[in-house]
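Structure first, commentary second.
The values are calculated or read from the model by the stated rules, or taken from the named source; none is laboratory data. Treat the numbers as computed from the prediction; the structure is a model and nothing was measured. Positions of Cβ are generated from backbone atoms using ideal geometry, with glycine treated the same way; all protein chains shown enter the neighbour counts.
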Amino acid sequence: MAIPSEAVLYPAVCRWLQTFLHGRFPRATVAVYDTHAVFLNHFIAQHGLDRLFPTAIWQAYEIKVDLTALVSTARQTALVFVECKRTRLSLRDLAQLLGYARVARPQLALLLSPAGLSDALQSLLATYGRLDLLEYDWPPHQAPRRLIIGRWQVSSASPDRSALWPPGSL
(Lines give C-alpha, C1' and ligand atoms only; values in the text may rest on other atoms or scores of the structure.)
Protein backbone atom coordinates (compact mmCIF):
# COMPACT_ATOMS: atom_id res chain seq x y z
CA MET A 1 0.00 0.00 0.00
CA ALA A 2 1.50 3.31 -1.09
CA ILE A 3 1.46 6.06 1.51
CA PRO A 4 1.07 9.48 -0.16
CA SER A 5 2.74 11.43 2.66
CA GLU A 6 4.12 11.04 6.15
CA ALA A 7 1.27 13.16 7.51
CA VAL A 8 -1.20 10.39 6.65
CA LEU A 9 0.50 8.26 9.31
CA TYR A 10 0.37 10.84 12.11
CA PRO A 11 -3.19 10.31 13.46
CA ALA A 12 -2.82 6.53 13.84
CA VAL A 13 0.68 6.81 15.28
CA CYS A 14 -0.54 9.47 17.74
CA ARG A 15 -3.38 7.20 18.93
CA TRP A 16 -1.04 4.24 19.32
CA LEU A 17 1.58 6.34 21.13
CA GLN A 18 -0.99 7.73 23.57
CA THR A 19 -2.19 4.20 24.44
CA PHE A 20 1.34 2.79 24.62
CA LEU A 21 2.64 5.54 26.91
CA HIS A 22 -0.40 5.32 29.22
CA GLY A 23 0.34 1.61 29.58
CA ARG A 24 4.04 2.12 30.14
CA PHE A 25 3.67 5.08 32.52
CA PRO A 26 0.29 4.50 34.22
CA ARG A 27 0.77 7.16 36.92
CA ALA A 28 1.86 9.86 34.49
CA THR A 29 -0.05 12.43 32.50
CA VAL A 30 0.55 11.81 28.80
CA ALA A 31 -0.02 14.31 26.00
CA VAL A 32 0.86 13.59 22.36
CA TYR A 33 1.21 16.37 19.80
CA ASP A 34 1.72 16.64 16.05
CA THR A 35 4.73 18.97 15.97
CA HIS A 36 5.99 18.37 12.43
CA ALA A 37 5.30 21.91 11.20
CA VAL A 38 6.90 23.90 14.01
CA PHE A 39 10.20 24.05 15.85
CA LEU A 40 9.87 22.26 19.16
CA ASN A 41 11.06 25.26 21.18
CA HIS A 42 8.38 27.45 19.58
CA PHE A 43 5.73 24.80 20.23
CA ILE A 44 6.70 24.58 23.90
CA ALA A 45 6.53 28.37 24.26
CA GLN A 46 3.27 28.81 22.30
CA HIS A 47 1.48 26.16 24.37
CA GLY A 48 2.77 27.28 27.77
CA LEU A 49 4.61 24.01 28.30
CA ASP A 50 7.81 25.72 29.46
CA ARG A 51 6.64 25.37 33.08
CA LEU A 52 7.07 21.59 32.75
CA PHE A 53 10.84 21.88 32.29
CA PRO A 54 13.19 22.54 35.23
CA THR A 55 15.58 24.65 33.14
CA ALA A 56 15.33 26.79 30.03
CA ILE A 57 17.27 24.31 27.88
CA TRP A 58 14.07 23.72 25.87
CA GLN A 59 14.66 27.14 24.29
CA ALA A 60 17.52 25.56 22.32
CA TYR A 61 15.32 22.79 20.86
CA GLU A 62 15.32 24.20 17.35
CA ILE A 63 14.26 20.89 15.85
CA LYS A 64 11.15 19.78 13.97
CA VAL A 65 10.02 16.40 15.27
CA ASP A 66 6.99 14.78 13.62
CA LEU A 67 5.30 13.74 16.87
CA THR A 68 6.22 14.78 20.39
CA ALA A 69 4.80 13.37 23.60
CA LEU A 70 5.19 14.77 27.09
CA VAL A 71 5.05 12.27 29.94
CA SER A 72 4.64 14.18 33.19
CA THR A 73 4.75 13.09 36.81
CA ALA A 74 4.89 15.23 39.94
CA ARG A 75 8.70 15.04 39.79
CA GLN A 76 9.55 15.47 36.13
CA THR A 77 8.48 15.68 32.51
CA ALA A 78 10.04 13.46 29.87
CA LEU A 79 9.92 13.86 26.11
CA VAL A 80 9.13 11.11 23.62
CA PHE A 81 9.82 11.59 19.90
CA VAL A 82 8.46 9.76 16.87
CA GLU A 83 9.61 10.34 13.31
CA CYS A 84 7.47 8.79 10.58
CA LYS A 85 8.68 8.04 7.08
CA ARG A 86 6.68 6.70 4.16
CA THR A 87 9.64 5.07 2.41
CA ARG A 88 12.21 2.56 3.64
CA LEU A 89 14.19 3.87 6.60
CA SER A 90 17.64 5.01 5.52
CA LEU A 91 20.84 6.04 7.25
CA ARG A 92 19.80 9.63 6.56
CA ASP A 93 16.53 9.10 8.46
CA LEU A 94 18.43 7.49 11.32
CA ALA A 95 20.87 10.41 11.45
CA GLN A 96 18.01 12.94 11.51
CA LEU A 97 16.33 11.40 14.56
CA LEU A 98 19.68 10.69 16.20
CA GLY A 99 20.50 14.40 15.95
CA TYR A 100 17.16 15.40 17.45
CA ALA A 101 17.59 12.89 20.27
CA ARG A 102 21.14 14.05 21.02
CA VAL A 103 19.85 17.61 21.36
CA ALA A 104 16.78 17.01 23.54
CA ARG A 105 17.51 13.63 25.20
CA PRO A 106 14.00 12.18 25.05
CA GLN A 107 13.02 9.23 27.22
CA LEU A 108 12.12 7.33 24.04
CA ALA A 109 12.71 8.06 20.36
CA LEU A 110 11.11 6.00 17.60
CA LEU A 111 11.63 5.96 13.84
CA LEU A 112 8.83 4.15 12.01
CA SER A 113 7.90 3.39 8.41
CA PRO A 114 5.39 1.04 6.78
CA ALA A 115 8.16 0.20 4.30
CA GLY A 116 10.62 -1.07 6.93
CA LEU A 117 14.38 -0.60 6.75
CA SER A 118 16.65 -0.06 3.77
CA ASP A 119 19.05 -2.86 2.89
CA ALA A 120 22.03 -0.81 4.10
CA LEU A 121 20.48 -0.04 7.48
CA GLN A 122 19.26 -3.62 7.93
CA SER A 123 22.75 -4.89 7.08
CA LEU A 124 24.49 -2.57 9.53
CA LEU A 125 22.21 -3.66 12.37
CA ALA A 126 21.63 -7.36 11.61
CA THR A 127 24.79 -8.48 9.83
CA TYR A 128 27.36 -6.23 11.44
CA GLY A 129 25.72 -5.80 14.85
CA ARG A 130 26.09 -2.02 14.85
CA LEU A 131 23.48 -1.35 17.53
CA ASP A 132 25.80 1.38 18.82
CA LEU A 133 24.51 3.50 15.92
CA LEU A 134 21.19 3.74 17.77
CA GLU A 135 22.63 5.19 21.00
CA TYR A 136 21.88 8.82 21.79
CA ASP A 137 22.12 9.30 25.56
CA TRP A 138 24.20 7.76 28.32
CA PRO A 139 22.53 8.51 31.68
CA PRO A 140 24.73 7.74 34.71
CA HIS A 141 24.18 4.27 36.20
CA GLN A 142 21.72 3.33 33.44
CA ALA A 143 21.86 1.50 30.15
CA PRO A 144 22.38 3.78 27.14
CA ARG A 145 19.20 5.10 25.54
CA ARG A 146 18.74 3.90 22.00
CA LEU A 147 16.52 4.85 19.12
CA ILE A 148 13.84 2.28 18.38
CA ILE A 149 13.43 1.82 14.66
CA GLY A 150 11.32 -0.43 12.50
CA ARG A 151 8.18 -1.16 10.56
CA TRP A 152 4.83 0.51 11.21
CA GLN A 153 1.92 -1.83 10.43
CA VAL A 154 -0.81 0.20 8.78
CA SER A 155 -3.32 -2.66 9.10
CA SER A 156 -3.00 -2.94 12.89
CA ALA A 157 -2.06 0.71 13.47
CA SER A 158 0.92 -0.33 15.58
CA PRO A 159 4.63 -1.12 15.25
CA ASP A 160 5.55 -4.60 14.04
CA ARG A 161 7.28 -5.79 17.21
CA SER A 162 9.01 -8.59 15.28
CA ALA A 163 10.68 -6.03 13.00
CA LEU A 164 12.06 -3.55 15.53
CA TRP A 165 15.62 -2.65 16.37
CA PRO A 166 16.85 -3.22 18.98
CA PRO A 167 14.88 -6.48 19.17
CA GLY A 168 12.43 -6.60 22.08
CA SER A 169 12.68 -2.86 22.64
CA LEU A 170 8.94 -2.20 23.07
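Can you tell me which of (1) among the polar types (S, T, N, Q); (2) out of contact with any strand residue (DSSP E or B) (no Cβ under 9 Å at 6 or more places or on another chain); (3) within 21 Å of Arg86 (Cα to Cα) is the one Thr35 doesn't meet?
Only one criterion is unmet by Thr35, namely (2).
Can you confirm whether region 93-106 contains a residue that is acidic (Asp, Glu), outside any strand (DSSP E or B) and surrounded by 13 or more Cβ atoms within 10 Å (Cβ to Cβ)?
Yes, region 93-106 contains a residue that is acidic (Asp, Glu), outside any strand (DSSP E or B) and surrounded by 13 or more Cβ atoms within 10 Å (Cβ to Cβ).
Take the residues of region 1-21 that are within 17 Å of the chain's Cα centre (by Cα) and either aromatic (Phe, Trp, Tyr) or assigned to a loop (DSSP other than H, G, I, E, B) (or both): which is surrounded by the most Cβ atoms within 10 Å (Cβ to Cβ)?
Leu9
With (1) loosely packed, with under 13 Cβ neighbours inside 10 Å; (2) closer than 23 Å to Phe25 by Cα; (3) at pLDDT 95 or above as the list, and Ser123 as the residue in question, which single condition is left unmet?
Condition (2) is where Ser123 drops out.
Enumerate the strands (runs of 3 or more DSSP E) found wholly within region 22-90, keeping only those where 3 or more residues are free of Cβ contacts under 8 Å to residues at least 12 places away in the same chain.
The strands (runs of 3 or more DSSP E) meeting that bar number zero.
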